[in-house]
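Only one structure is covered here, and it is reproduced in the block below.
We did not get these values from a lab; they are worked out from the coordinates using the rules stated. Worth saying up front: this structure is predicted, and the values here are computed from it rather than measured. We place every Cβ from the backbone using ideal geometry, glycine too, and count neighbours over all the protein chains shown.
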Amino acid sequence: MTQAFNGGDSNRFSVGETSTKRWQSIALGSLGFWLSGSLILDLAIMPTLWVTGMMEGSGFASASYSIFWIFNRVELICAAVALSSIWALSKVSRSSADVHQKMLVGAVMLMAIALSYTFILTPYMSGLGIDLDLLTTTKSIPVEMNQMHSIYWVLEASKLGIAGMLLFLCDRSIRT
């Protein structure tokens, strides 16, 4: 069904074109919001906490768990919106099936990363950071925590790369 809208000028948009642009806008908006939040957290908040020595404070583990608990839920919402909009876009867009497949695989990978942050990585790292031995005078970072940080940064770099690819593909499909 291709009804035409006439806004008083000679430009006409079909329902399919309008729907495609709407889903592209939703995908771009959710991915952009998610990426900007991740970059603020990774490049501003966490380095500031590290430089000021707050990471070595006694309440850092519980405070960071609270921060990441909230942020991880926002990430899940953004991942769900991005996945849903990219799936809908694959149904209404005229782009090639190969592009749709790449976009869907990327969106599913982003959802998997958000789920792993929320339900595996953050709770485990918070558990490692809580010091239950109140009698020790020296505090040391568990070796497992460094391994978890490595996993976090690999997932974070993957998330940024995949989201960047999705932004590029969405933008490219808008221009075609």
Exercise for the section: May I ask you to derive the FRET efficiency for L104 and E144 from their Cβ-Cβ distance with R0 = 30 Å, giving the value to the nearest 0.05? Expected result: 0.30
Fill in the blank from the handout: Here, trypsin sites (Lys or Arg not before Pro) of the range 58-124 satisfying both criteria (DSSP loop; at most 15 other Cβ within 10 Å) are R94
Completion exercise
Note on the range 61-133: C-alpha Rg/Rh, Kirkwood Rh, two decimals, gives 1.20
Practice task
Calculate the spin-label point distance for W50 paired with L167, positioning each point 7 Å from the Cα along the beta-carbon direction, and give it in nanometres.
Solution key: 2.2 nm
